[in-house]
Each structure stands twice: as C-alpha cells, then as structure tokens.
Amino acid sequence: MATFGWPEMLFIFRSAGWTLLLTLVAFSIGGVVGAALAIMRLSPSRVLRAIASTYILVIQSIPVLMVLFMSYYGLSLFGIGLPPFLAASASLAIYASAYLAEIWRGSIESVPFQQWEASSSLALTRPQQYRYIILPQAVRISLPPTVGFLVQLVKNTSIVSVVGFVELSRAGTLVSNATFLPFQVFSLVAAIYFTICFPLSRLSRHLEKVMNAGRPH
C-alpha cells in the first residue's frame, strides 16, 4: 500500500493544471462559437435565428455527459477516434457555447433600444453599431454571469474522467485507490477546487454589485 506523500500530491497538482488547461481551451473555443451564435440569434435573418435557436435548444436539453459520450464513443463508430483531451475539450466547448450564447444574447438585448436608434441616426452600419456602441456596453453587463459560468465549467471538467482523461478528480480517485486514504486525498482535491473556484465566485459577485451600482435606476 502506497503512502500519501509528496509524489502523490505533486501528481494531483499536475492534474489540477490539466483541469485548468481543459477549462481554458473549452472556454476559449466555446466563447468564439457562443459569440457567433449570440449574433445569429439577433440577426434579421429568420434562417440564422432558427439555426442558432435550434443548436442552443438541443445542446441545453442534453446532459453534457451525453455530449462527451457522443464525441468520444459515438464518433469511433464512424472510424473517427479522438484522443481523450480533444474529445473532452470539444464536448465542453460545445456545452459552453450554448450557454455563453444565451448569456451574451441577453446582455446585448439588455442594452437600451435607444442606443440602437441613436447609432442608426449616425448612419452606422450594423457591424459598426455592434463594434462601437452595443458590444462595449453588452460586455460590461455580461461579465458577472460569464465569470459565474466559468466556475461551473471548472467543476464540470470532473466528468471527463469517464473517457480516460486524468484531471483533478480522476487523479484523486487514482491516488485514493492506491493509498486507501480517501479522506486525506479528497480533502486536498476539494481544497484545490475551492482555491480555483472561490476567487472566481467572489469576482462574479463583486462584478455583479459593481455593474448594478453603475446602472441607472
């Protein structure tokens, strides 16, 4: 039976790094796709709105674990084998894109309609309206819920262990099975999750207070 010493702790800390990397990749890709979906949801084109709405509805109606299974196991039926990290990143990015799209769509719609009218009176094109008038205000509104969602994304990385990817929670399970010291091992795992998520949660609440304080009542 192995002991729970520095080698095991370092293994868990390295796995925490993989958790952070997975979160960063998924959030970055999901953010790009989510931004495009948010713009499509607000497009004058009925077709673009329908495509974006259908995508968001489908993804939000399926557990992210099912998306992961389809990415890793489902594609293998067609001869497409994705490495665990790639399958995990793609699945979480798909999941993130649907939720970020709705967060950012709501933020854009929260910008007063008079801002659209004022920018139209300046003969700005729609891309110029978004770039110079609407998005700077929408980004300010969207920061608190976006940071809050990032916390959920960090915690959701724990499901990717089902495809063999060793992130923080999976590392804890492996060390616990080797040492038979689950309380000590998972106390460390919980402390690492807390260290990552608590500052983000506090930041989200702080931003929410700041943004609400800056809005007219």
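The values are calculated or read from the model by the stated rules, or taken from the named source; none is laboratory data. Small disclaimer: the values here were computed from a predicted structure and weren't measured. Cβ coordinates were reconstructed from backbone atoms using ideal geometry, including for glycine residues, and neighbour counts include every protein chain displayed. Side chains included, ligands, DNA and RNA excluded: accessible areas come from the protein's heavy atoms. Shrake-Rupley method; radii C 1.70, N 1.55, O 1.52, S 1.80 Å.
Would you say V154 is under 30 Å from G5 (Cβ atoms), touching a Cys at 6+ places or on another chain (Cβ under 7 Å) and modelled with pLDDT of 90 or more?
Spelling it out, V154 is indeed under 30 Å from G5 (Cβ atoms), touching a Cys at 6+ places or on another chain (Cβ under 7 Å) and modelled with pLDDT of 90 or more.
Considering only residues that are aliphatic (A, V, I, L, M) and touching a Ser or Thr at 6+ places or on another chain (Cβ under 9 Å), look in region 176-187 and name the one that is least open to solvent (accessible area, probe 1.4 Å).
V185
Could you tell me which of the residues L57, L48, L86, L153 is among the aliphatic types (A, V, I, L, M) and either within 15 Å of the chain's Cα centre (by Cα) or surrounded by 17 or more Cβ atoms within 10 Å (Cβ to Cβ) (or both)?
Criteria check complete, one pass: L153.
Restricting to region 100-139, count the residues that are open to solvent by less than 40 Å² (accessible area, probe 1.4 Å), at pLDDT 90 or above and more than 17 Å from M211 (Cβ to Cβ).
Residues that pass the stated criteria total 2.
If we scan region 16-38, do we find a residue that is open to solvent by 50 Å² or more (accessible area, probe 1.4 Å), over 18 Å from the mean Cα position of the chain (by Cα) and not acidic (D, E)?
No, region 16-38 contains no residue that is open to solvent by 50 Å² or more (accessible area, probe 1.4 Å), over 18 Å from the mean Cα position of the chain (by Cα) and not acidic (D, E).
Please state which of the following conditions V163 fails to meet, knowing it meets all the rest: (1) hydrophobic (A, V, I, L, M, F, W, C); (2) over 21 Å from S43 (Cβ atoms); (3) open to solvent by 60 Å² or more (accessible area, probe 1.4 Å).
Exception for V163: condition (3).
Please find, among L188, L203, the residue that is touching a helix residue (DSSP H, G or I) at 6+ places or on another chain (Cβ under 8 Å), modelled with pLDDT of 95 or more and either in a helix (DSSP H, G or I) or farther than 30 Å from P112 by Cα (or both).
L188
Since L168 meets every condition but one in (1) farther than 30 Å from I108 by Cα; (2) open to solvent by 10 Å² or more (accessible area, probe 1.4 Å), which condition does it not meet?
(2)
How many residues does region 4-15 hold that are surrounded by 21 or more Cβ atoms within 10 Å (Cβ to Cβ) and more than 20 Å from C197 (Cα to Cα)?
1
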